[in-house]
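These notes are about the structure you will find just below.
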Amino acid sequence: MPRVARKKSQEAMYHVMSRSISEVSLFQCDEDKAYYITLLKRYKEKYYCKIYCYILMDNHVHIFINPCGADISSFMLCLNTAYVTYFNKKYKRHGHLFQGRFASTIVDNDMYSLKLSAYIHNNAKDLPGYNGKEESYAYSSYGVYTGYRKDLHKIIDTEFILKLFSQKKSRAQKKYKAFVESLKDTGIAKDVDESITKAYSENVYESGKSYIIRNNTPGEILQKIEEILREDVFGVLRTKYSRETSSIRAFSIYILRVLCGYTYKELCEYVGNISVSGISRLSNEGFKLFRKQIRFQHAFNSLIQK
């Protein structure tokens, strides 16, 4: 049977779950979990997304994510492919690691957002030694929400959830912890487990979150970059490499990748006279420039302002 099309929306938030094949644990040790979190941070920044909650279990991962308009399939493909590459190289194996496609459901209201976060954070109770100490599990966002530990990786956006409890952070943290504990032994786990396998809703969540319009054409984006940076971006993009213009070229490729949703192959066809591997290299260089140079950070922020 053909695959059922995944339900998506430009403004949607998602509950995503990835599970390993039955005969292999997704994480063999804490080092593997730490590496997955490093990848999660990398692609969160690269795609300009928001991560609200996550937990890494031995054979699966739960993520509550707001892609901010990015394509959720592209995000998860990059994240999981990078982890499989690491895992197979480390353990000298080949083949599949994940059990088919990742599962995803659209999160479309405040109450489900709260219950979902509680469900994700209560998963730790099933790990040896963590029942009643869920917030101390290092590979979950729960401890960040309660103030038990700092978000050293700077991955989690707690504000969206906590402000539903109180504008005062310390009060919100206490109320949130009580809320999560109150749902620990309820039927919410069954409800969420069923929803993640059924793609239950097509509705779009329209609360106070933000998203980024990512359906501009390459020409529209490049024109805006020219106006912001005051550079001949079209000329730079289609000419041969020069040291003086390499940063503009790399940044432009990265922006087209993020804001147009183009694949490397599509970018290769659009730009012309460059290989797919060359596009990939330029996109990665552009991301590094974006992270390090204020000029490009300002340009990016100007591009995404509605």
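The values are calculated or read from the model by the stated rules, or taken from the named source; none is laboratory data. Predicted model only: the values in this text are computed from it and were never measured. Heads up, the Cβs are rebuilt from the backbone with ideal geometry, glycines too, and the neighbour counts pull from every protein chain shown.
All of (1) surrounded by fewer than 22 Cβ atoms within 10 Å (Cβ to Cβ); (2) modelled with pLDDT of 90 or more hold for C68 with one exception: (2). Number of residues in the range 98-127 that are farther than 20 Å from Y139 by Cα and either part of a loop (DSSP other than H, G, I, E, B) or outside the structural domain of T81 (by TED's automatic domain parsing) (or both) equals 5. Over 30 Å from S113 (Cα atoms), at pLDDT 80 or above and in contact with a helix residue (DSSP H, G or I) (Cβ under 8 Å, 6 or more places away or on another chain): does that describe L289? Answer is yes for this residue. Determine whether Y137 is assigned by TED's automatic domain parsing to the domain that holds T81 and surrounded by fewer than 21 Cβ atoms within 10 Å (Cβ to Cβ). The answer is no for Y137. Can you confirm whether G219 is exposed (fewer than 13 other Cβ atoms within 10 Å of the Cβ) and at pLDDT 75 or above? When the stated conditions are applied, G219 passes them. Residue count for the range 265-289, restricted to those that are surrounded by fewer than 17 Cβ atoms within 10 Å (Cβ to Cβ) and in a helix (DSSP H, G or I): 10.
For the residues K89, K125, the requirement of being surrounded by fewer than 19 Cβ atoms within 10 Å (Cβ to Cβ), out of contact with any Leu (no Cβ under 6 Å at 6 or more places or on another chain), charged (D, E, K, R) and free of Cβ contacts under 8 Å to residues at least 12 places away in the same chain singles out K89. Could you check the range 15-63 and list, in sequence order, the residues that are under 19 Å from D151 (Cβ atoms) and in a strand (DSSP E or B)? Selection gives K50, I51, Y52, C53, Y54, I55, L56, V61, H62, I63. Consider K265 carefully, then state whether it is basic (K, R) and more than 19 Å from I294 (Cβ to Cβ). So K265 passes the test.
All conditions in (1) within 30 Å of V180 (Cβ to Cβ); (2) assigned to a helix (DSSP H, G or I) hold for Y86, with the sole exception of (1).
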